[in-house]
Amino acid sequence: MPAIELTHITKSFGAVKAVDDCSFSIEKGELFGLLGPNGAGKTTAIRCMLDIFKPDSGSVAILGGAMSEAKKDKIGYMPEERGLYQDIPLDRCLAYLGSLKGLSRSEVRQRSEGYLERFDLAAHKHKKVKELSKGMQQKAQVIATLLHQPELLIVDEPFSGLDPVNTQMIKDLLREQRAAGVTVVLCSHQMHLVEELCDRIVLIDHGRVMLYGDLAGVRRQFAGNAVLVKTGCDLPALPGVERVEPVNGAVKLHLAPGAQPQEILRALVAKDIPLEQFEIAVPTLDEIFIRVVQGKGAAA
């Protein structure tokens, strides 16, 4: 049974159709990427999931059925627009936010200690939130989202404002949550992080589902007829190769229609070319995102 299932949901605000006949499901225990350009309808879809908005049509199932007050306590939501109270100390802010999820002050203290140490915030917990740097506030928001140990975690741009060390901490944390059986929905414009972390993705544009499925399958869908080759010597002219393009220390061989990668490999071996890398060239998620949003579609 999916953790989240959206079935033909539509939501309009006046003449603007923010979500337009969207259907997709998110399985329990997976790390799922919810993607789309600004204004695509992602936030509206999330708010429909969380019962903040009621869809005009279609249905939403969360953790096996309709949303309830009990289920809300099983969900951790970190919106892109942060919700920390700026004029109180961090420890009091965490205690209050934890109390909204039914935690006592002692439970918050016990659960937050490890996170505060892990994210280098223990020495700053008595500072007012507004005195913390943007990155510190971002980490504090992550802690607040996890304190009640949710079954379903929805995080919108969790890496915003973080340096590489803290980005790695959040990546490790999300992987740990998945390993513990938590369903994680990640919204991010940092496609390389989505590629690293997510099992499956959905890409929404203008309120409609444009791509949906496992990441490897999506990348194969957009792969053109090309191979990546890395060698320590110059490549000779090869039959079936239309164009050669340097790519990050390797070369991308664009093949003529009908030419097969196996033929290129055989030709290289026959010419005794030493190979460090030979693989079918597949696009990055960044490239796929741009092609879909710009309306160029999948490769033939």
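The values are calculated or read from the model by the stated rules, or taken from the named source; none is laboratory data. This one's a predicted model, so the numbers in the text were calculated from it and none came from an experiment. Note: ideal-geometry Cβ built from the backbone for every residue, glycine included; neighbour counts use all protein chains shown.
Out of VAL202, VAL227, I need the residue that is touching a Phe, Trp or Tyr at 6+ places or on another chain (Cβ under 8 Å), farther than 18 Å from ILE290 by Cα and in contact (Cβ under 8 Å) with a residue 40 or more places away in the chain. Which one?
On the way: VAL202 fails: farther than 18 Å from ILE290 by Cα.
Going through VAL202, VAL227 in turn, the sole match is VAL227.
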Log entry, pairs with first residue in region 103-132 being surrounded by 14 or more Cβ atoms within 10 Å (Cβ to Cβ), second being among the charged types (D, E, K, R), beta carbons closer than 7 Å, six or more apart or on different chains, reads LEU116/LYS125; PHE119/LYS139; LEU121/LYS139; LYS125/ASP91; LYS128/ASP87
When every residue in region 153-212 that is farther than 28 Å from ASP73 by Cβ and of a type in the set (Gly, Ala, Ser) is compared, the one farthest from the chain's Cα centre (by Cα) is GLY207
Q. Mind checking whether some residue in region 186-198 is in contact (Cβ under 8 Å) with a residue 40 or more places away in the chain and polar (S, T, N, Q)?
A. yes
Exception for GLU263 within (1) among the charged types (D, E, K, R); (2) within 27 Å of CYS22 (Cβ to Cβ); (3) outside the structural domain of ASP21 (by TED's automatic domain parsing); (4) in contact with a Pro (Cβ under 8 Å, 6 or more places away or on another chain) falls at (2)
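I need the helices (runs of 4 or more DSSP H) fully contained in region 141-233, keeping only those with at least 2 residues that are among the acidic types (Asp, Glu). So that I can check it myself, show each step before the final result.
Values: elements: 164-179, 191-197, 215-221.
Ranges flagged: 164-179, 191-197.
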Considering region 191-230, residues that are at pLDDT below 90 and either touching a Cys at 6+ places or on another chain (Cβ under 6 Å) or of a type in the set (S, T, N, Q) (or both), and then whichever is surrounded by the most Cβ atoms within 10 Å (Cβ to Cβ), we arrive at ASN225
Considering region 249-281, residues that are touching a residue at least 24 places away in the same chain (Cβ under 8 Å) and among the basic types (Lys, Arg), and then whichever is nearest to VAL227 (Cα to Cα), we arrive at LYS252
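Mind telling me which of the residues CYS22, CYS48 ends up being touching a helix residue (DSSP H, G or I) at 6+ places or on another chain (Cβ under 8 Å), in the same structural domain as PRO158 (by TED's automatic domain parsing) and either outside any loop (DSSP other than H, G, I, E, B) or among the basic types (Lys, Arg) (or both)? Show your work before the answer.
Working: CYS48 fails: touching a helix residue (DSSP H, G or I) at 6+ places or on another chain (Cβ under 8 Å).
Being touching a helix residue (DSSP H, G or I) at 6+ places or on another chain (Cβ under 8 Å), in the same structural domain as PRO158 (by TED's automatic domain parsing) and either outside any loop (DSSP other than H, G, I, E, B) or among the basic types (Lys, Arg) (or both) holds for just one of CYS22, CYS48, which is CYS22.
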Selection over region 11-45 where residues are over 20 Å from ASP214 (Cβ atoms), in contact with a Lys or Arg (Cβ under 7 Å, 6 or more places away or on another chain) and not charged (D, E, K, R) yields a count of 3
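Which ranges mark the strands (runs of 3 or more DSSP E) fully within region 235-286 that have 2 or more residues being farther than 30 Å from VAL194 by Cα and either at pLDDT below 90 or in contact with a Leu (Cβ under 9 Å, 6 or more places away or on another chain) (or both)? Write out each step before concluding.
Numbers: elements: 241-247, 250-255, 275-280.
Once the strands (runs of 3 or more DSSP E) in region 235-286 are filtered for at least 2 residues that are farther than 30 Å from VAL194 by Cα and either at pLDDT below 90 or in contact with a Leu (Cβ under 9 Å, 6 or more places away or on another chain) (or both), what remains is 241-247.
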